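The structure under discussion appears below in the form of C-alpha cells.
We did not get these values from a lab; they are worked out from the coordinates using the rules stated. Because the structure is predicted, anything quoted here is derived from the model rather than measured. Positions of Cβ are generated from backbone atoms using ideal geometry, with glycine treated the same way; all protein chains shown enter the neighbour counts.
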Amino acid sequence: MSLEAPQAGGAGGLDVRLRGVMCRHGRLEAVSGVHLEVAAGERVALTGTNGSGKTTLLRAVLGLHRQVEGEILVGGRGTRSAAEWAWRRRACGWIPQRPAAGRFPLLAGELLASSGAPEAAAEAAERLGVGDLADRPVDGLSGGQLQRMHLARAVGCVAAGAGVLLADEPTAALDFAGQEEAAEVLTSLPVTLIVVTHDRAMAARCDRTLEMAAGRLREVA
C-alpha cells in the first residue's frame with residue numbers, strides 16, 4: 001500500500017545533522033558524542049538493544065529532550081529562538097513507541113486532526129482499516145489500532161508540510177501483514193525518515209542501518 005502525500009520540506013524532505021550530541025537523564029549519560037548526517041529524503045533505520053539511547057536521540061531531534069549538548073540542525077536550522085522551536089515542531093512528524101492517552105480522553109479523530117491536515121490523515125486511516133474508529137477514545141483502541149492511527153497521523157503531518165518523520169518502533173504492535181504494510185507506507189512518504197526498529201523487514205527497506213550501543217552510533221549497512 002502506498003499512501004501519497006504532497007512533497008514536504010520543499011524537495012522531498014529536510015536534511016538532519018547532529019554534531020557532538022550528548023544527552024543526559026539527570027547524571028546518566030544516555031547519548032555520547034553522536035555525529036550523524038542524514039540527507040534530505042534519505043531513510044535511516046536505527047537499531048540496538050533497549051536502553052541504548054535510540055529513543056532519547058529521536059526525542060532530542062524533536063526538541064522533547066532538554067538535557068542536550070552539541071548541535072542538532074534540521075533543514076540547516078537550529079532551535080535558538082521560540083520561532084525556531086515552533087518551526088521544528090511543524091517540520092518533524094513523530095510516531096511514538098508508547099503513545100500517552102493524556103489527562104483528558106482524546107478521541108482518535110482528534111489525534112488525526114492534530115496532524116495539521118485532518119482530511120489527509122482521515123483518508124489514510126480509512127485505507128489502513130481504522131477510519132471507522134475516529135469517535136473512539138484512543139485509550140480504548142488496541143495496540144495495533146492505535147499504531148495504525150499514529151501512522152495515519154504521520155501521513156497527515158507530511159501532508160501539512162513536515163519534512164522529517166521520526167518513528168519509534170512503528171511496527172511493534174502489528175502482525176506480519178501489518179508490519180509489511182506499515183513499512184511500505186513509511187518508506188513511500190516523500191520525507192526524510194529516521195526509524196527506530198527491531199523489525200528486519202522495516203530496516204531492509206531503508207537506505208542504511210545504524211546501530212546504537214551504550215549511547216554511541218555506528219553504521220552497519
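The table below gives the values:
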| read-out | value |
| --- | --- |
| Full-extension gain in nm, Arg27 to Arg208, via 0.36 nm per residue minus C-alpha separation | 62.0 nm |
| Cα radius of gyration and Dmax for the range 126-189 (Å) | 11.5, 31 |
| Calculated [θ] (222 nm, deg cm²/dmol) that DSSP helices of n ≥ 4 give over the chain, each run adding -39,500 (n - 2.57) | -9500 deg cm²/dmol |
| Karplus-derived 3J(HN,Hα), 6.51/-1.76/1.60, for each residue of the range 139-149, Hz, glycine and proline x | 6, x, 8, 6, x, x, 5, 5, 5, 5, 4 |
| Shape call, the range 26-118: gyration tensor on alpha carbons, a/c limit 1.5 | prolate |
| Rounded, prolate or oblate (a/c below 1.5 giving rounded, otherwise prolate when a/b exceeds b/c) for the range 177-221 by Cα gyration tensor | prolate |
| Correct option for percent of Cα pairs over 26 Å apart [calculated from the coordinates] among (i) 32; (ii) 37; (iii) 63 | (i) |
| In order through the range 205-210: 3J(HN,Hα) via Karplus (6.51 cos²θ - 1.76 cosθ + 1.60), integer Hz, x for Gly, Pro | 7, 8, 6, 7, 10, 10 |
| Exposed-loop-free span, longest in the chain, where trypsin sites (Lys or Arg not before Pro) count as exposed if DSSP calls them loop and at most 13 other C-beta atoms lie within 10 Å | 104-221 |
| Projected-area mean, the range 65-175, by convex hull of Cα positions, square nanometres | 7.8 nm² |
| Within the chain: Cβ-based charge dipole about Cα centre, in debye rounded to nearest 20 (Lys, Arg +1; Asp, Glu -1) | 960 debye |
| Long-range HN-HN contacts of Arg216 with modeled amide H, under 5 Å | Ser32 |
| Degrees, to the nearest 10: 82-91 long Cα axis against longest axis of the chain | 60 degrees |
